[in-house]
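Structure first, commentary second.
The values are calculated or read from the model by the stated rules, or taken from the named source; none is laboratory data. Model, not experiment: these values are computed from the prediction. Backbone-built Cβ (ideal geometry, glycine too); neighbour counts: all protein chains shown. Note: accessible area is taken over every heavy atom of the protein model, side chains too, but ligands, DNA and RNA are not part of it. Shrake-Rupley method; radii C 1.70, N 1.55, O 1.52, S 1.80 Å.
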Amino acid sequence: MFKELNPLLHSELRLAIISLLVSIRKADFVYIMEQTKATGGNLSVQVEKLRKAGYIKATKTFKNKRPCTICQITPKGIDAFEEYVEALKSYIQKTD
Amino acid sequence: MEDRKIKESESLTIITEMIKNARTNLRARINCNILLIWGYVTFFVSLLVWVLKLTDAFSLSSLVWLIVPLTCIPASIWLHSKDTTGITSYIDQSIHYITLLFALVCTTVAFSTLVVDFPALFIELLLIGMLIVIVGTLIQFKPVIWGGLFGIIAAHLLLFTPDLLIQLPVFAVTILFSMIIPGHLFKKSISADV
């Protein structure tokens, strides 16, 4: 039986953001943009969706007098990612 | 990347790719430079204190040790401010807090010698050695681990040499082998794109 995949994470960009933040503790917006090769506008929308779901924390700050957004995964985000990977396993095992 | 639904097989590719991208230790060079600054300053200050004690040129030569925190702390803050990587990994965070804890303990130990007489250089070297072993384990670089272990062993040797005029050069040489040389080896091992 297939487990249901979390629709919020089952999107190319949102999954990439969460996977990146699971691996590193904190990352700024520019770094996430470089790694995911997403546009600034699109990334902002997806970050906001993840923030509203409580999966990430976005802190606006200044770095060298320039505005900077630091994103950090929350324990809820880590749980959601782990559940997503667990659900994904059921699909992979089925295709094996 | 876009906001689009993906196939299950694609999910695995995205997760793997992102974890692989994040694996690069982008702050390695900054952390390495901080280690080298502390190493070099401690090395030269310990030699300076030794020369001052040897020549009896300055009666409060122990105060010269203050040069270490007074130069290294601002230098470390300045190097951190130069950080343009925009990320903080779990390892970076752990190294930061462990180093901060050890620096605080080393400073309190140094100030305690003003009140109580005890083998301060032995304790300082033991703490430095332990810190380097922990950092070496976190960054998974063997020469740093060996350097730290060398520091721990050398610290015990200081217990058998109660003369401060012998302890000080031993302390300086140990810093050379446990901080400066492993620091340079680590710097050399960092790839050019970091």
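Among (1) at pLDDT below 80; (2) within 22 Å of residue B:173 (Cα to Cα), which single condition is residue B:5 missing?
All conditions pass for residue B:5, except number (2).
Only one residue in B:19, B:37, B:6 is more than 14 Å from chain A (Cβ to nearest Cβ) and either at negative phi or crowded, with 18+ Cβ neighbours inside 10 Å (or both), so which one is that?
Selected residue: B:37, the only one of B:19, B:37, B:6 that is more than 14 Å from chain A (Cβ to nearest Cβ) and either at negative phi or crowded, with 18+ Cβ neighbours inside 10 Å (or both).
When only residues in the range B:52-67 that are open to solvent by 70 Å² or more (accessible area, probe 1.4 Å) and free of Cβ contacts under 8 Å to residues at least 12 places away in the same chain count, which is farthest from the other protein chains (Cβ to nearest Cβ)?
B:56
Just checking: which of the helices (runs of 4 or more DSSP H) contained wholly in chain A hold 1 or more residues that are open to solvent by 90 Å² or more (accessible area, probe 1.4 Å), under 18 Å from residue B:90 (Cα atoms) and more than 7 Å from chain B (Cβ to nearest Cβ)?
By residue number, A:75-95.
Can you tell me which condition residue A:55 does not meet? The list is (1) more than 27 Å from residue A:89 (Cα to Cα); (2) of a type in the set (Ser, Thr, Tyr); (3) touching a residue at least 12 places away in the same chain (Cβ under 8 Å), and all the others hold.
(1)
Taking the stated definitions as given, is residue B:75 out of contact with any strand residue (DSSP E or B) (no Cβ under 9 Å at 6 or more places or on another chain), small (Gly, Ala, Ser) and either open to solvent by 70 Å² or more (accessible area, probe 1.4 Å) or within 14 Å of chain A (Cβ to nearest Cβ) (or both)? Give the steps one after another, and end with the answer.
Values: out of contact with any strand residue (DSSP E or B) (no Cβ under 9 Å at 6 or more places or on another chain): yes; small (Gly, Ala, Ser): yes; either open to solvent by 70 Å² or more (accessible area, probe 1.4 Å) or within 14 Å of chain A (Cβ to nearest Cβ) (or both): no.
Here the answer is no, as residue B:75 does not meet what is asked.
Need the failing condition index for residue B:70 against (1) closer than 21 Å to residue B:186 by Cα; (2) open to solvent by 70 Å² or more (accessible area, probe 1.4 Å), just the number.
Here residue B:70 meets the rest and fails (1).
Can you list residue pairs whose Cβ atoms sit under 6 Å apart, with the first residue in the range B:7-22 being assigned to a helix (DSSP H, G or I) and the second being among the β-branched types (Val, Ile, Thr)? Count only pairs 6 or more apart in sequence or on different chains.
What qualifies is B:22/A:24.
Taking into account only those residues within the range B:109-152 that are open to solvent by 70 Å² or more (accessible area, probe 1.4 Å), free of Cβ contacts under 8 Å to residues at least 12 places away in the same chain and in a helix (DSSP H, G or I), which is farthest from residue B:187 (Cα to Cα)?
Ranking the candidates gives B:111 first.
I need a count of the residues in the range B:82-98 that are surrounded by 11 or more Cβ atoms within 10 Å (Cβ to Cβ) and part of a helix (DSSP H, G or I).
8
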